[in-house]
1. How large, in percent, is the carbon and sulfur part of the accessible surface of the range 56-106 at a probe radius of 1.4 Å?
2. I'd like the trypsin sites (Lys or Arg not before Pro) in the range 60-131 restricted to DSSP loop residues with at most 11 other Cβ atoms within 10 Å, sorted by number.
Amino acid sequence: YDAGGVPPSGAAPGAPTVPRNPPRHRDLLVLLRSGRDVSASRLGSIRETWAGSLHPDQLVIMGGDGGCARRYGDNHQEGLTCLEASMHVRIMNRTGYDWLLVVDDDTYVFADRLSALLGTLDADRRAAYGSPGCGDCGNGRV
């Protein structure tokens, strides 16, 4: 069943449906990509500034994953992709949120403005918004 309670195609006739989620008071879930040694000091600043306006349940901090570390090493390139994917799996069944923001720990978010903007968009439309790449990754990579 999807987040709206719609059964998957091919569901057995008469299969129970999952009720739609109750009205939401919090529409935004933030996955904070973090993991370097400097991250601990950044987290305090984040919680004291832009994340201070979020409910504690709205901020998910990307943690370590033993499988990713064993397979790919540190949290860069493939390791970071593995960590982020494992976090998506962990949070994908959470309800009460229409939007997921994936953001690095060195980014400032105007959460109230972002939430207001997202409120003007159709949350039922499958879409991804963002900017591909990582800016200037160094060594000629973009």
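The values are calculated or read from the model by the stated rules, or taken from the named source; none is laboratory data. Keep in mind that this is a model prediction, so the values were computed, not measured. FYI the Cβ positions are ideal-geometry reconstructions off the backbone, even for glycines, and counts take in every protein chain you see. Quick note on the areas: whole protein, heavy atoms, side chains included, nothing else; ligands and nucleic acids left out. Shrake-Rupley method; radii C 1.70, N 1.55, O 1.52, S 1.80 Å.
1. The value for the range 56-106 is 50 percent carbon and sulfur by accessible area.
2. Values: sites: Arg70, Arg71, Arg90, Arg94, Arg113, Arg125, Arg126; in loops: Arg94, Arg125, Arg126.
For trypsin sites (Lys or Arg not before Pro) across the range 60-131 that sit outside H, G, I, E and B with at most 11 neighbouring Cβ atoms in 10 Å, the list reads Arg125, Arg126.
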